[in-house]
Amino acid sequence: MKTEFIVRPGEKVIREFTISPRYFWFSITIGVLLIVIFPFFAQGFVSLLLPNQISRSIIPIGFVISTPIGLIILLQSLYLRAARQYLLTSERVVETIGLFSQRTVNAEYTQITDIRVTQDPFERFILGTGYVGVNTAGGEREEIKLDRVAAPYKLCHQIRELCEERLKTTGQYHQQPPLMVEGSVDSARPLVD
C-alpha cells in the first residue's frame, strides 16, 4: 500500500497488514489440490467402483468440476491478499479495499465506540484468523471491516490501547466513552477505565 498518500503529516504508521498469511497459504493449498490432485484421485476412485466404460465417461467430470473451483479459490486468495490493506496509525484505523478502483475508510481513535471480533470454529481453532469490526459514533453498521486477519483478539486489544493513548493525548480520556469489545472475555468492562 502506498502509505504516503494515506498518512497525514505527523502521523506515524504503527502496523501495516493484510489478510492472515495462514489463511492465504491454506487457500492457495486448497486451490492447487483441487486443480492438480483431486481430478486424478477422482479418476482412481471412480475406476475402482464402476466398470471401465462408465468410468471413462465420468472421469472428465472430476476435471470439469474441481479445476474451476480450484481456480476460483486460488484467484480469490490472490485478490484478497493484494486488494485488502489495513493500517493502524497513531491517530486512526485505515482500511483500503480494491485493486483498480479503491475505497479507503478510516476511523479516528477518538470516535470509535465499539469493536467486534467474530470467529467461526474453523477460523478460531485451525487458522487463528477472524473478523474485527470497528464502529464509530453515529452509525449502526461497522465502518471498518478487518476481515480474515491473524490473531483478531490481539488486534482488538491493540486498537483499544491505541484508542486509550489517543484519548489521553487529546485530553478526552476523562470522558469515558462507551467503548466496548464485543465477544471477548472482558466484554462487560469499558475500554476506558
Task: Selection count, the range 130-151, where residues are more than 12 Å from ASN106 (Cα to Cα), among the hydrophobic types (A, V, I, L, M, F, W, C) and buried (at least 17 other Cβ atoms within 10 Å of the Cβ) - done: 3
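Checking the condition under 16 Å from the mean Cα position of the chain (by Cα), part of a strand (DSSP E or B), of a type in the set (Val, Ile, Thr) and surrounded by fewer than 16 Cβ atoms within 10 Å (Cβ to Cβ), which residue from THR96, THR104 passes?
THR104
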TODO: Check THR67 against each of (1) in contact (Cβ under 8 Å) with a residue 40 or more places away in the chain; (2) open to solvent by less than 60 Å² (accessible area, probe 1.4 Å) and name the one condition it does not meet.
DONE: (1)
Open item on the list: All but one of (1) surrounded by 14 or more Cβ atoms within 10 Å (Cβ to Cβ); (2) aliphatic (A, V, I, L, M); (3) part of a helix (DSSP H, G or I); (4) modelled with pLDDT under 95 hold for MET1; state the number of the condition that does not hold.
Closed with: (3)
Open item on the list: If I filter the range 138-152 down to residues being of a type in the set (Gly, Ala, Ser) and in a loop (DSSP other than H, G, I, E, B), which single residue comes out as farthest from THR96 (Cα to Cα)?
Closed with: GLY138
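The values are calculated or read from the model by the stated rules, or taken from the named source; none is laboratory data. Every value quoted in this text rests on a predicted model; they were computed, and no experiment measured them. Every residue, glycine as well, gets a Cβ built from its backbone with ideal geometry; the counts of neighbours run over all protein chains shown. Keep in mind that these areas ignore ligands, DNA and RNA; they rest on the heavy atoms of the full protein, side chains included. Shrake-Rupley method; radii C 1.70, N 1.55, O 1.52, S 1.80 Å.
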